[in-house]
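No lab work stands behind these numbers, since they all come straight from the coordinates. These figures come from a predicted structure and were not determined experimentally. Methodologically, a virtual Cβ is constructed for each residue, glycine included, from the backbone with ideal geometry; neighbour enumeration extends over all protein chains shown.
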Amino acid sequence: MNIKSKLPNLPTTIFSVMSRLAEKHQAINLSQGFPNFGCDPKLTSLVAHYVQNGFNQYCPMSGVPALNTRLAQKVKALYNADYDPQTEINITSGATQAIFSAIHAFVHAGDEVIVVEPAYDCYQPSIKLAGGIVVPYQIKAPDWKIDWEAFAKLITPKTRMIMINTPHNPTGSILDKSDFEALEQLVEGTDILILSDEVYEHLVFDGHRHYSILDFPTLRSRSMAIYSFGKSLHVTGWKLGYIIADAAIMHEFRKVHQFDVFSSNTPMQYAIADYLENKDTYLNLSGFFQKKRDFFLDKIKDSAFKIKPSSGAYFQVADFSNISDEPDLVFAKRMTKEYGVATIPISGLYTNGLDNKIVRFCFAKTDETLAAAADLINQIPAKK
Ligand code: PMP
Ligand code: GLN
């Protein structure tokens, strides 16, 4: 039998490849982005309560109403954005599902989607499965800034969607107010939709604030903002997230959502709705992760890597060109095997495999893990 692949040549995600390699060589895993510490026990107690008390059946397609209401209050407080909890907020099975459904709801065969690269690896296959065409815009070290004039040249009559991600995975860069203002001008008068992946909204460092697409009223009618409880509650394995968009967009989104997942885990949504009543649970995250970033960077300050501190997310990119001329994948694999620390080589997150000798560390780890990793990283010698 001949199996006709819809995604021929698609490799296994680099996040699984590096995590598996870390396991095989018992290396410290600073590759895939997930915390190696637990969530707040209050949260797991709330989940246990709802599971034990019979909240175990399908919830509405849009989500458990108490959670939708909580999130509407949250975005009103944070971004002064008014969204209707029922018609404009939808709980999803992780940000990944929200992204997949959003792309499938709007991208027609032959439509172009502009993606800022390096890009989180679920974007492109989702676009391709929808029959869309990925139009990459590359940002580059050390500043990872978007040159909006160059970006504008990518827009054509076929551009259906622009995908942005702030704070950015893998680079840890953030978009500021002027970026959104440039974007506003760029799309004015067009039918271009914007998908804004903001799963790291609460991880922004050095006194910066997170600018959300929801902060910009003129962009709201064309935008979808996507979030992940996995990232904000240290529970990546729960695979719960949400999408916020104007009712007209949400109406179309739900046409896909209702048949690719229908609804997401019910008892956890009840628990999260209660848990988020305390705003400190998310407002303190930037401070918590900034400390981790600073702790880690201080420990590796004398290493052979060249580093510019990240501004957000729980990632730090590092330039290894003083250490090796190997392709980044080869270097990352060797570093895992020989030095016992796994990272993510970022060339695989560019469509054309651009290799600027950069790897990504995830610092969502205990201080003990970060210190142990730093000791190993410091042993990697510079080139002669
Ligand atoms: N977007 C970005 C930028 C991510 O880093 C991730 C992964 N953590 C996701 C989306 C997917 O999030 P989730 O695990 O909630 O599906
Ligand atoms: N978001 C995580 C990362 O960037 C990985 C998620 C995944 O493995 N799919 O490392």
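Counting the residues of the stretch 317-330 that are closer than 21 Å to LYS24 by Cβ and surrounded by 22 or more Cβ atoms within 10 Å (Cβ to Cβ) gives 1. Only residues that are at positive phi and within 16 Å of ligand 1 (Cβ to nearest atom) were counted across the stretch 106-145, and they come to 1.
Can you confirm whether SER45 is free of Cβ contacts under 8 Å to residues at least 40 places away in the same chain, over 21 Å from ILE346 (Cα atoms), more than 25 Å from the chain's Cα centre (by Cα) and part of a helix (DSSP H, G or I)? For SER45, the condition - free of Cβ contacts under 8 Å to residues at least 40 places away in the same chain, over 21 Å from ILE346 (Cα atoms), more than 25 Å from the chain's Cα centre (by Cα) and part of a helix (DSSP H, G or I) - is met.
For PHE106, only one of the following conditions fails: (1) closer than 22 Å to GLU252 by Cβ; (2) in contact with an Asp or Glu (Cβ under 7 Å, 6 or more places away or on another chain); (3) surrounded by fewer than 18 Cβ atoms within 10 Å (Cβ to Cβ). What is its number? Exception for PHE106: condition (3). State all residues of the stretch 267-319 that are more than 21 Å from GLY38 (Cα to Cα), in contact with a helix residue (DSSP H, G or I) (Cβ under 9 Å, 6 or more places away or on another chain) and hydroxyl-bearing (Ser, Thr, Tyr); if no residue qualifies, say none. Those that are more than 21 Å from GLY38 (Cα to Cα), in contact with a helix residue (DSSP H, G or I) (Cβ under 9 Å, 6 or more places away or on another chain) and hydroxyl-bearing (Ser, Thr, Tyr): SER303, SER310. Among the conditions (1) within 20 Å of GLY207 (Cα to Cα); (2) under 21 Å from the mean Cα position of the chain (by Cα), the only one that LEU297 does not satisfy is (2).
Given the criterion hydrophobic (A, V, I, L, M, F, W, C) and over 30 Å from ASP294 (Cα atoms), identify the matching residue among ILE164, ILE146, ILE155.
None of the others qualify; the one that does is ILE155.
Of all the numbered requirements in (1) in contact with a helix residue (DSSP H, G or I) (Cβ under 8 Å, 6 or more places away or on another chain); (2) not in a loop (DSSP other than H, G, I, E, B), TYR58 misses one, and that requirement is (2).
The conditions of being of a type outside the set (Val, Ile, Thr), away from ligand 1 (no atom under 16 Å from the Cβ), closer than 22 Å to LEU276 by Cβ and surrounded by 20 or more Cβ atoms within 10 Å (Cβ to Cβ) are met by ASN68.
A search for C-beta distances below 6 Å between a residue of the stretch 167-184 that is closer than 17 Å to PHE151 by Cβ and any residue that is within 12 Å of ligand 1 (Cβ to nearest atom), counting only pairs 6+ apart in sequence or on different chains, returns ILE174/THR166; ILE174/PRO167; ILE174/GLY312; LEU175/THR166. Note on the stretch 162-265: enclosed helices (runs of 4 or more DSSP H) holding 3 or more residues that are more than 16 Å from ligand 1 (Cβ to nearest atom) are 177-187, 217-220, 247-260. Beta carbons closer than 8 Å, at least 6 apart along the sequence or on distinct chains, pair a first residue in the stretch 361-376 that is away from ligand 2 (no atom under 16 Å from the Cβ) with a second that is outside any helix (DSSP H, G or I) and of a type in the set (Val, Ile, Thr) for ALA372/ILE28; ALA374/ILE300; LEU376/ILE28; LEU376/VAL341. VAL47 falls short on exactly one of the conditions (1) farther than 23 Å from SER212 by Cα; (2) surrounded by fewer than 16 Cβ atoms within 10 Å (Cβ to Cβ); (3) more than 16 Å from ligand 2 (Cβ to nearest atom), and that condition is (2). The number of residues in the stretch 71-91 being closer than 16 Å to ALA225 by Cβ and surrounded by fewer than 20 Cβ atoms within 10 Å (Cβ to Cβ) comes to 11. Taken over the stretch 105-133, the residue count meeting the criterion of being more than 16 Å from ligand 2 (Cβ to nearest atom) and either assigned to a loop (DSSP other than H, G, I, E, B) or farther than 25 Å from PHE216 by Cβ (or both) is 11.
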